[in-house]
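Colleague: Okay, here's the structure, questions in a sec.
The values are calculated or read from the model by the stated rules, or taken from the named source; none is laboratory data. Nothing here was measured: the structure is a model prediction, and the numbers come from that model. Please note: Cβ atoms are built from the backbone with ideal geometry, for glycine as well, and neighbour counts cover all protein chains shown.
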Ligand SMILES: [Mn+2]
């Protein structure tokens with residue numbers, strides 16, 4: 001099969017829901033195997049790399065106020081060269097056993113960075129399945145954590161996700177994609193860890209989303225999504241785009257969003273996304289949810305645009 005054929009084949013695969021969303025692996029596998037899909041994706045990256053997209057990246061982390069655990073339980077990373085970003089949320093329940101799950105989350109993300117660099121150095125592109133596996137098997141401390149890692153390849157965002165962290169994509173300040181969460185029960189997400197009750201990297205959901213220049217990706221932990229509705233993020237995006245005439249700083253945006261979520265988390269009476277979900281699950285809960293809040297923002301641009 002020639003490279004052009006592979007690219008055409010790839011385009012056929014991706015055009016079944018062209019405008020915005022791409023589905024989980026199992027839907028894609030109806031059309032082709034994931035391996036073929038990935039191979040085609042990598043070919044496309046090579047063919048179109050000169051006219052691809054890049055993300056400007058920025059992050060903001062607001063750990064919960066706790067003198068004993070100033071780092072909180074979330075962790076995140078940005079690999080700009082590799083156009084890859086990740087978040088993890090150490091599961092708080094470990095505290096009853098004297099374990100700081102934040103340590104698990106931090107090590108998982110640190111190991112993910114090493115794996116991302118390695119993939120990029122030896123293969124020129126990042127296989128997220130391998131990154132997640134390697135990060136997981138190298139993380140030996142006790143604890144467990146959700147994880148969501150996203151990479152941009154040509155015009156496709158590729159993600160692996162375990163648990164209730166996730167990402168949203170906004171176009172013209174409107175939500176066009178929201179990643180699904182994995183949970184066993186209300187507030188009980190799938191989680192990577194070394195204990196018998198934890199999950200392994202094979203449980204990860206794999207997602208593919210087509211993006212365009214100007215799109216904004218917001219990756220976060222549940223501390224963000226439990227306290228802030230997409231419509232509230234849209235308001236911030238609208239305001240900022242207007243103010244800066246299209247040139248938005250990702251760090252600034254991440255801190256504005258995190259600040260808003262933090263404010264909401266202290267509201268004792270709001271029907272927050274968390275309160276809404278609690279109600280649906282049969283719990284009587286009102287107000288925001290105090291939690292560590294991690295926000296990573298990626299602003300998608302044409303590769304030749306100024307990326308400073
Ligand atoms: Mn959390």
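Colleague: How many residues does the range 177-194 hold that are part of a loop (DSSP other than H, G, I, E, B), out of contact with any helix residue (DSSP H, G or I) (no Cβ under 9 Å at 6 or more places or on another chain) and away from the ligand (no atom under 16 Å from the Cβ)?
Modeller: Total satisfying the criteria: 1.
Colleague: Can you name every residue in the range 128-142 that is out of contact with any strand residue (DSSP E or B) (no Cβ under 9 Å at 6 or more places or on another chain) and not in a helix (DSSP H, G or I)?
Modeller: Result: 140, 141.
Yes/no matrix, rows are residues, columns are (1) in contact with a helix residue (DSSP H, G or I) (Cβ under 8 Å, 6 or more places away or on another chain); (2) within 16 Å of the ligand (Cβ to nearest atom); (3) over 19 Å from residue 189 (Cα atoms):
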{"residue": "103", "(1), (2), (3)": "no, yes, no"}
{"residue": "110", "(1), (2), (3)": "no, no, yes"}
{"residue": "117", "(1), (2), (3)": "no, no, yes"}
{"residue": "125", "(1), (2), (3)": "yes, no, yes"}
{"residue": "153", "(1), (2), (3)": "yes, no, yes"}
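Colleague: Continuing with the same structure: Could you tell me whether the range 232-248 includes any residue that is on the phi < 0 side of the Ramachandran plot, assigned by TED's automatic domain parsing to the domain that holds residue 128, assigned to a helix (DSSP H, G or I) and within 16 Å of the ligand (Cβ to nearest atom)?
Modeller: no
Colleague: Could you grab me the full set of residues in the range 249-286 that are within 16 Å of the ligand (Cβ to nearest atom) and assigned to a loop (DSSP other than H, G, I, E, B)?
Modeller: Of everything in the range 249-286, those that are within 16 Å of the ligand (Cβ to nearest atom) and assigned to a loop (DSSP other than H, G, I, E, B) turn out to be 266, 272, 285.
Colleague: Only one residue in 228, 205 is surrounded by 15 or more Cβ atoms within 10 Å (Cβ to Cβ), out of contact with any strand residue (DSSP E or B) (no Cβ under 6 Å at 6 or more places or on another chain) and under 19 Å from residue 164 (Cα atoms). Which one?
Modeller: 228
Colleague: Let me ask something else. Identify all residues within the range 209-231 that are in contact with a helix residue (DSSP H, G or I) (Cβ under 7 Å, 6 or more places away or on another chain) and part of a strand (DSSP E or B); write none if there are none.
Modeller: Hits for the range 209-231 are 210, 216, 218.
Colleague: Residue pairs, Cβ under 6 Å, 6 or more apart or interchain, first in the range 281-303 and farther than 29 Å from residue 71 by Cβ, second within 15 Å of the ligand (Cβ to nearest atom) and assigned to a loop (DSSP other than H, G, I, E, B). List them.
Modeller: That search, which allows pairs on different chains as well, returns 281/186.
Colleague: Before we move on, is residue 145 assigned by TED's automatic domain parsing to the domain that holds residue 273, in contact with a strand residue (DSSP E or B) (Cβ under 6 Å, 6 or more places away or on another chain) and either surrounded by 16 or more Cβ atoms within 10 Å (Cβ to Cβ) or under 21 Å from residue 298 (Cα atoms) (or both)?
Modeller: Criteria met by residue 145.
Colleague: Suppose we filter the range 232-257 for residues that are surrounded by 22 or more Cβ atoms within 10 Å (Cβ to Cβ) and touching a helix residue (DSSP H, G or I) at 6+ places or on another chain (Cβ under 7 Å); how many remain?
Modeller: Of the residues in the range 232-257, 3 are surrounded by 22 or more Cβ atoms within 10 Å (Cβ to Cβ) and touching a helix residue (DSSP H, G or I) at 6+ places or on another chain (Cβ under 7 Å).
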